[in-house]
Amino acid sequence: MKSKKIILLFLCTICIVCLISAFQLHNKPILIEKVFSNLEIKNIAPIETIYFEDLGLDNITCTGLTFDTNDESFWIADYGKSYNNSVNKPRLIEVDRELKHVIKIIELDKINSNNFNLQGITYDSYSDNLALATGEYIYIIDKNSNIIKKINLGKYKRYSANGISYDTTNDTIWTLMYSKYLLHYDKNGKLLNKIKFNYKNQDHIYVKDNTLYASIGADYTGNNNFVLKYDLLQKKATDVYRVENSYAIEGIYLLNNKLYVVNDGYFHSAKIKKSYINIYNF
């Protein structure tokens, strides 16, 4: 009888181990190299590099980029980390279309809090507002940083909202979590759809015409950093681009057949130890 109990306990242990292993395998991030087996890597090199210090911004902790079609300007999210200050001071920086001059800087004191983790920004062309991904929440604000809507991500907040993009097709918002999910919300905070999206070191997104572009990679000293093109209707990757000389991607945007890639190389101690924007023909 005792031996039967031991055998039964042994079999139960094996079953539990198998279940745990299967669960971990199911939730393990997809390595970008696995995508390469089906898609040809397209290498693209920057045609221009703009350093933030040339705009008088020093090496800011950029965490997102978007384009304001109403004012014809770029907005850059700044996490606000400083080696000289233990307290983060997140802010938004508006720069002219040519990325030559700073138009204005908005401090985010009105919404800054202990759990405010500025990770992404997008422009809502329908309402002329901005939306911010902050880990646990999505904030919709006006251009004076007044809060219009605070969307609680509920059970998904543990995956941390990083990338965010306004969808002009249907006046909605997409946010890419640091792991596992791509979430689709209306502007009232209703979850419309969730897509299993779990690439290793996924971060920022841009959405247009049912196509999503996502930055993937954290190779701070090499060129294994990519932008993945993804069909939202078929829910599959269709192209992958290696963005050369972008070693610490912290924001992407497509405008007039050009890809703008923000890099936070200074605070990531990357190969290029500066904060800058690379521009690619796309």
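At a glance:
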quantity: Per-selection Kirkwood Rh - the range 196-264 (Cα, Å, 1 d.p.); calculated: 12.2
quantity: Rounded if a/c under 1.5, otherwise prolate or oblate - the range 103-188, Cα gyration tensor axes; calculated: oblate
quantity: Packing-based ranking, highest mean first, of 133-143, 168-178 given that Cβ atoms within 10 Å are counted; calculated: 133-143, 168-178
quantity: Carbon/sulfur fraction of accessible area - the range 135-212, other protein chains in place, 1.4 Å, %; calculated: 43
quantity: Average projected area [Cα convex hull, the range 221-260], square nanometres; calculated: 3.4
quantity: Accessible area (Å², per residue) of the range 189-273, counting only protein heavy atoms and a probe of 1.4 Å; calculated: 40
quantity: Of Lys157/Lys194; Lys104/Lys149; Lys81/Lys187, those spanning more than 18 Å from alpha-carbon to alpha-carbon; calculated: Lys104/Lys149; Lys81/Lys187
quantity: Environment charge at Thr172 (Cβ cut-off 11 Å; Lys +1, Arg +1, Asp -1, Glu -1); calculated: -2
quantity: For the range 124-270, average projected area of the Cα convex hull in nm²; calculated: 8.9
quantity: Estimated FRET transfer efficiency (Ile147, Asn256; beta-carbon r; R0 25 Å; 0.05); calculated: 0.20
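The values are calculated or read from the model by the stated rules, or taken from the named source; none is laboratory data. The shown structure was predicted, so the numbers you read here are calculated from the model rather than taken from an experiment. Cβ sites come from the backbone with ideal geometry, for glycine too, and all protein chains shown count toward neighbours. The protein model used for the area step is the full one, side chains on, heavy atoms only, and it has no ligands, DNA or RNA in it. Shrake-Rupley method; radii C 1.70, N 1.55, O 1.52, S 1.80 Å.
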